[in-house]
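Rule-based calculations on the coordinates, nothing more; no lab input. All figures in this text were calculated on a predicted structure; none of them were measured in a lab. With ideal geometry, Cβ positions are generated from the backbone for all residues, glycine too; neighbour counts draw on all protein chains shown.
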Amino acid sequence: MQSQNGMLKFKKVLPGYLFLLPAMLFFLAFVLYPIFDAVILSMYKYNGVTKTFTGISNYVTLIKDDVFRRSLSNTVLMVLINVPVTLVVSLIISLIVFNKNEFIRSFTRAAFYLPAVSSIVTISIVWKWIYNPMFGILNYIVGIFGIEPVNWLGDKNFALLSLSAVLFTLSVGQPIILYIAALGNIPSTYIEAADIDGASAWVRITRIIWPLIKPTSLYIIVITTINSFQTFAIVQLLTSGGPSYRTSTIVFQLYQSAFWNDEYGLASAMGMILSLIVVIISVVQYKFLSNDVEY
Amino acid sequence: MKGNSVNIAFRNNIPARNNISANSKKIFIDSVLVGVVLLFALMFLFPFYWMVTGAFKIQMVAISIPPEWFPKAPTLDNIKLLAKVPSGRWFLNSLFISGATTLLVCITSAMAGYSLSKKEFPGRNIIFWMFVAVMTLPKQVILVPLFVMMRKMQLFDSFTGLILPAVGWPFGIFLMKQFTQTLPSELLQAAKIDGCNELQTFFKIVLPLVKPGIGALAIFTFMSSWNDYFWQLIMIKSTPMKTIPLGIAGMQEEYSTNYGLIMAGSTLASIPMIAVFLSFQKYFTRGITMGAVKG
């Protein structure tokens with residue numbers, strides 16, 4: 001009787017497991033296993049042939065390494081520039097267009113999301129041409145306003161900002177789509193009520209609209225942070241980390257040490273440090289921002 | 001908007017005349033703001049304009065300053081040369097890889113999403129949160145161990161090696177779980193009462209209803225697979241195996257200032273995604289808003 005009961009129960013839950021099985025197999029083999037492998041690999045010196053256990057020495061090497069520290073601070077700087085700018089610009093644009101006609105909304109969404117859908121390689125290559133100090137159109141345009149030509153990607157004072165501008169064009173599309181949707185969901189009676197009370201636009205935005213779209217803002221901040229921390233392609237294609245490591249990022253260093261120098265252990269340690277930073281920041285942002293969502 | 005304000009004015013007994021001038025002032029400010037947004041949007045579109053027109057410029061014209069805003073003598077030389085690199089082959093490679101990835105992701109995710117949202121079994125919540133937690137990790141962390149693994153499995157420089165890991169990433173499962181969750185459970189019970197077995201319920205009842213979700217997922221998967229530059233860069237070495245973004249990136253190193261040719265290649269690499277995006281904008285918007293975790 002008991003075992004029959006067990007069988008019945010098993011038969012009942014079995015389909016759930018079976019439907020999950022194919023996805024689970026791929027996940028275990030190509031995501032979860034590599035995550036654990038990365039943790040282990042980060043404690044080895046491994047060049048693809050010989051593998052020796054070195055404990056935390058990879059981490060010690062990285063903390064002492066000037067290039068890695070510079071890449072870390074470059075990455076943080078890019079995040080600190082890109083996240084607030086993306087958030088504010090996408091919010092302003094969305095506030096302007098969300099209650100306009102479908103054509104304006106649709107055009108806005110499409111124009112700002114286009115860089116994110118077209119290949120990142122394409123975007124980088126076009127910008128490389130635009131930024132070119134001799135043949136680029138940007139120097140021609142600033143020249144009209146009497147500004148001296150700038151070596152946008154080669155000058156150590158401009159390179160990181162030039163990359164951040166490209167990163168911004170890649171980042172802003174998704175937040176605009178999210179904000180337009182979120183703002184459209186606010187019941188118009190809320191805003192009309194504020195109108196009756198004679199609230200100014202500023203009060204309306206900060207007191208009524210902002211609290212209602214806070215979850216969306218939180219999500220935007222978290223994903224933009226995560227994505228900005230992973231900046232790689234634009235660095236690899238536009239500056240290769242130069243000039244003198246001014247634009248090198250963590251992921252670019254990871255790429256260099258793994259796939260140019262065959263230092264898989266060291267590269268895994270970089271990956272672990274990056275993950276740790278990203279996870280901590282996401283948790284902090286979530287805690288910090290979601291606390292005052294509720295009232 | 002106009003109607004609303006007039007209504008409010010009426011309710012508040014404000015003389016209508018004042019209100020009309022306040023109203024027209026508001027409309028004026030609104031149109032100026034929309035104009036600014038549209039201008040900014042055009043700046044976002046400029047790199048694309050520059051890329052497509054650049055594809056029809058000979059090298060002399062492409063590097064001339066002042067620039068030719070529109071090619072006066074459009075040439076087809078770049079496109080002819082492009083056919084020799086072999087960009088057609090790269091294009092088909094990309095189509096195949098993205099297509100196969102999309103198909104596998106949609107099948108496994110639709111099944112897993114159904115299981116996680118409509119089936120009850122021990123461990124369901126833990127498994128779901130594990131998927132969500134993994135998505136916050138930067139993907140590059142697992143690429144080093146994955147690369148080592150692929151080389152051991154002799155899948156380096158192969159399409160299989162490109163496709164398999166992309167199927168493991170749990171974003172699709174998450175998206176399909178959120179979508180399937182919205183289906184009424186009574187419907188599935190009714191199917192059961194009508195004598196549908198598990199497979200029939202899934203294929204005949206669930207699948208047709210989650211089609212819009214699958215549509216959004218398909219587009220996103222295709223796009224991220226097409227643009228998965230980092231993984232393609234480390235996995236593919238031989239020229240005939242290259243994807244189109246990879247091929248174009250390599251071309252850029254080889255023909256550094258032949259901008260016309262490079263722009264023709266870039267145009268080819270981004271056309272499919274732009275076309276898909278413009279035709280299925282609704283799906284994109286839905287996918288993006290659906291993928292956002294509700295705060």
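Sequentially through region A:181-193, phi angles give Karplus couplings (6.51, -1.76, 1.60; θ = phi - 60°) of 5, 5, 5, x, 7, 6, x, 5, 4, 4, 6, 4, 4 Hz, Gly and Pro residues having no value and appearing as x.
Peptide A:266-276 has a mean of 4 when you count, residue by residue, the C-beta atoms of other protein chains within 10 Å of its C-beta.
Think of region B:175-295 as having a plus end and a minus end, set by charges on the Cβ of Lys, Arg, Asp and Glu; of B:ILE219, B:GLY265, B:GLN189, B:GLN189 sits farthest toward the positive end of this dipole.
Please work out the Cα convex hull volume for chain B and give it in Å³ per residue. Working shown, then result.
On the way: hull volume 65.8 nm³, N = 295.
Enclosed volume per residue, from the Cα hull, is 223 Å³.
Helix-only estimate, please: 222 nm mean residue ellipticity of chain A, summing -39500 (n - 2.57) across DSSP H runs of length 4 or more and dividing by its residues, to the nearest 500. Here the helix-only value at 222 nm equals -22500 deg cm²/dmol. So if we plug the beta-carbon distance of A:LEU14 and B:ASN125 into 1/(1 + (r/R0)^6) with R0 = 22 Å, what FRET efficiency do we get, rounded to 0.05? After rounding, the FRET efficiency stands at 0.75. FRET efficiency for the A:SER106 to A:GLN285 pair, using the beta carbon distance and R₀ = 45 Å, is estimated at 0.90. Ordered by the count of other Cβ atoms within 10 Å of each Cβ, fewest first, B:ASP157, B:ASP228, A:ASP197 give A:ASP197, B:ASP157, B:ASP228. The HN-Hα couplings worked out from phi for region B:27-33 by the Karplus form 6.51 cos²θ - 1.76 cosθ + 1.60 (θ = phi - 60°) are 4, 4, 4, 4, 5, 4, 4 Hz, whole numbers, x standing for Gly and Pro. The Cα center of region B:45-72 and the Cα center of region B:120-181 differ in position by 42 Å. By the helix-only formula, in which each DSSP H run with n ≥ 4 contributes -39500 (n - 2.57) and the sum is divided by residues, chain B has a 222 nm mean residue ellipticity of -23500 deg cm²/dmol. For region A:14-35, the residues whose backbone nitrogen is under 19 Å from a point 7 Å from the Cα of B:LYS192, taken along Cα to Cβ, are A:14-21.
Spin-label model, B:LEU103/B:ASP77: points 7 Å from Cα along the beta carbon direction are separated by 4.2 nm. Inter-chain Cβ neighbour count for B:162-171, averaged per residue, equals 4 (cutoff 10 Å, partner chain atoms only).
Each of the peptides A:208-215, A:75-82 was scored by the mean count of other Cβ atoms within 10 Å over its residues; in descending order, highest first, they stand as A:75-82, A:208-215. Taking only the Cα atoms of the protein assembly as shown, the ratio Rg/Rh comes out at 1.00, with Rh defined as the Kirkwood radius. Averaging the Cα positions of each part gives two centres, and for region A:74-141 and region A:160-231 these lie 16 Å apart. Only Lys, Arg, Asp and Glu carry charge here, each on its Cβ (+1 for the first two, -1 for the last two); on that basis the protein assembly as shown has a dipole of about 860 debye about its Cα centre. Here region A:57-291 is treated with +1 on each Lys and Arg Cβ and -1 on each Asp and Glu Cβ, and its dipole about the Cα centre works out to around 180 debye.
Inter-chain Cβ neighbour count for B:31-39, averaged per residue, equals 4 (cutoff 10 Å, partner chain atoms only). Relative protection proxy for B:89-101, B:116-128, B:158-170, B:21-33, from highest mean packing down: B:158-170, B:89-101, B:116-128, B:21-33 (other beta-carbon atoms within 10 angstrom).
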